[in-house]
1. Kindly check whether there is at least one residue in segment 510-532 that is assigned to a loop (DSSP other than H, G, I, E, B) and surrounded by fewer than 19 Cβ atoms within 10 Å (Cβ to Cβ).
2. Take segment 155-190 and flag every residue that is within 30 Å of A412 (Cβ to Cβ) and in a helix (DSSP H, G or I).
3. How many residues are assigned to a loop (DSSP other than H, G, I, E, B) and modelled with pLDDT of 90 or more if we restrict to segment 124-154?
4. Among what's in segment 94-131 and is farther than 26 Å from T202 by Cα and of a type in the set (A, V, I, L, M, F, W, C), pick the residue that is surrounded by the fewest Cβ atoms within 10 Å (Cβ to Cβ).
5. So which of L401, L366 is over 18 Å from the mean Cα position of the chain (by Cα) and crowded, with 18+ Cβ neighbours inside 10 Å?
6. Look at segment 590-602 and say how many of its residues are in contact with a helix residue (DSSP H, G or I) (Cβ under 6 Å, 6 or more places away or on another chain) and buried (at least 18 other Cβ atoms within 10 Å of the Cβ).
Amino acid sequence: MGNNLKKLFEEFPPVSVEQWEEAIRVDLKGADYEKKLVWKTDEGFKVKPYYTSEDIKNLAHLNYEPGKFPYVRGTKSDHNQWEIIQDIVVDDEKITNSEALDALNRGATGICFKVDKSSTKDLDLSSLLKDIYIQCIELQLETYIEPLQLWNKLENEFDKRVADSKNAKGSLGYNPLGMLTQHGSWIINEETDFSNAKELITKVSQRLPGYRVLLADGRLIREAGSSTVQEMAYTLAIGNEYLHRLSEAGTKIETIAPRIQFNLSIGSNYFFEIAKIRAFRMLWSKIVEAYGVENQEAAKAFIHATTARYNMTLYDPYVNMLRQTTESMSAVIGGIDSLSVRPFNSIYQQPNSFSNRIARNVQIILKEEAYFDKVADPAGGSYYIEALTASLAQEAWKEFLWVEEQGGYSKAFQSGTIQQKVKSYAQKMFSDVAARKATILGTNQYPNFNETVLSQINKDVYWKQDCSNGQSIAEPLQPIRISTEIENMRLKTEMSNKRPKVFMLTIGNLAMRLARSQFSCNFFAVAGFEVIDNNGFATISEGIEAGLKAKADIIVLCSSDEEYATLAPEAFKLLENRAIFVVAGNPPCMEELKSQGITNFISIRSNLLETLTYYQKLLGIN
């Protein structure tokens, strides 16, 4: 019996790279391989249509095991556990405490309190932490103000409770370079901020060895519209500046490095985000190693991830749940240490119990039903992800070195060069969304035709707030969302109390009229216009009559290129300017039609934002 055993798939002969390439060339039928199948990423490298073992055979990082330096395969050797964090903004301490206890009782394993107080003197930490076993959960704090006072209050809580401080874990979230990034100023002043950092590290490391002190917050960079590579490089540069300046002040690298928490934003580019986390850990370990540390454990990066805000949408907001699910998967597969999922409605109103529960349950499902916490480095060995890890690491390292050549993060930021690069990339994203080169589901593609949201918006949450604080020494990075230009255009329609009607005059070739009417309906619905589709008309006069009877503001002719040469002039003449006339497509006869007074055309080449804004103005929506 044993002699009859076969290896899995041995009946299939191995296929060489040359054979794959030859098969692809045959299928392409002479088309350009590079243009058709090779993707040039915004991060500066190319992505091939497929990967094999040949693509990763020379990658040095494949020689390392999970849990081993340089931690590209994660910091855990036999599992993939992470902390389920619920973010809560501190306003009223008693109410916030109730919310935190509810979250912990319903599956969260940690809380991140965002202390939005004018002074930590005003913070009643005892009320905030009442009945919370601070020695048993991951307790993260985020605030820019008076860190030593915050520390004293936390230490007093441990003293009062006689709590186990040796095994307690969490973060104080002290973030002077984050203050510079978000508000363009120091917390107090540069010298004092770093002096406080040194004092905090000394005190916290003695009393709470499992606590991080400093925060290197890449979310501020990513949410301002940076690329993946920029987020990685500038966050590494923030961490490196903490290492450099505090070691120069006499603190050992082995003491500083484990006291830094890295916060990263996880977007919807699924495989890139997995690779980003792996590459980030590898690069950070190399930076720490360069300082000559003897204990490689100090080079482990603690990474907290938060699902992205920049790609969340106001319209069709339940789609945000889907985005956050894939983003959470990327973060977990990449091997983060803790994760926050943003409530799906958090960009336009205060999160409620339902949205908080759904956000929390995304992680619980990944852990309890999908078992993502069981296997260390689940992405390890994937040809594509391993190649992406190497490519992202290479490009991020180049950008990191550029920052160091500028004198480090704070100098580069104060010079404005980092802001220029981030804003340039953000503008490209806005342009891609406006031209529909990038799809934002429910916003610039496949909108919910009859949706209205104006009544649901909390203006203090939705409308953009200026991050500068009047003491800026540098331009702060402002958070953006790439859907806001489209959203604000649609909101104009809602606020105008008008809902223009767009009527599809479908005629002629069945396939073309259906395709173009579907395209046109989606196109105009993006602006909140009412669209009226039709199965087809026998004659132009019948279609024009039906459109006028429906009191259409815009009539869109949907047919084939060949038929437009005769049908468009006929329709335009019969309409007699009683409605705006639009031709769907980019027909070869366009110039001839323009010579006859037909000026409005929509197609996949149209800039969605510019075109719809133009029609709004024609209809008196300003």
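The values are calculated or read from the model by the stated rules, or taken from the named source; none is laboratory data. Just so you know, these numbers come straight off a predicted model, no measurement behind them. Ideal geometry is used to build each Cβ from the backbone, glycine not excepted, and the neighbour counts take in all protein chains shown.
1. Start the filter on segment 510-532 by keeping residues that are assigned to a loop (DSSP other than H, G, I, E, B), which leaves 526-529.
Narrowing the set further to residues that are surrounded by fewer than 19 Cβ atoms within 10 Å (Cβ to Cβ) leaves none.
Within segment 510-532, none of the residues are assigned to a loop (DSSP other than H, G, I, E, B) and surrounded by fewer than 19 Cβ atoms within 10 Å (Cβ to Cβ).
2. If we filter segment 155-190 for residues that are within 30 Å of A412 (Cβ to Cβ), which is where we start, we get 171-190.
Once the filter is applied, which keeps residues that are within 30 Å of A412 (Cβ to Cβ) and in a helix (DSSP H, G or I), segment 155-190 yields P176, L177, G178, M179, L180, T181, Q182, H183, E190.
3. Here the count works out to 10.
4. Per the criteria, the residue is I95.
5. Values: L401 fails: crowded, with 18+ Cβ neighbours inside 10 Å.
Answer to the selection: L366.
6. Pass one, segment 590-602, residues in contact with a helix residue (DSSP H, G or I) (Cβ under 6 Å, 6 or more places away or on another chain): 593, 596, 598, 602.
Then keep just the ones that are buried (at least 18 other Cβ atoms within 10 Å of the Cβ); that gives 593, 598, 602.
The number of residues fulfilling the criteria is 3.
Matching residues to (1) closer than 17 Å to R222 by Cα; (2) without any contact (Cβ under 8 Å) to a residue 40 or more places away in the chain:
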| site | (1), (2) |
| --- | --- |
| A376 | no, no |
| A379 | no, no |
| F400 | yes, no |
| K411 | no, yes |
| I418 | yes, no |
| A426 | yes, no |
| A434 | no, no |
| Y446 | no, no |
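For (1) crowded, with 20+ Cβ neighbours inside 10 Å; (2) farther than 21 Å from L125 by Cα; (3) not basic (K, R), each residue gets a yes or a no:
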{"position": "E157", "(1), (2), (3)": "no, no, yes"}
{"position": "K160", "(1), (2), (3)": "no, no, no"}
{"position": "G170", "(1), (2), (3)": "yes, no, yes"}
{"position": "G173", "(1), (2), (3)": "yes, no, yes"}
{"position": "T181", "(1), (2), (3)": "yes, yes, yes"}
{"position": "L208", "(1), (2), (3)": "yes, no, yes"}
{"position": "R219", "(1), (2), (3)": "yes, yes, no"}
{"position": "S227", "(1), (2), (3)": "yes, yes, yes"}
{"position": "Y242", "(1), (2), (3)": "yes, yes, yes"}
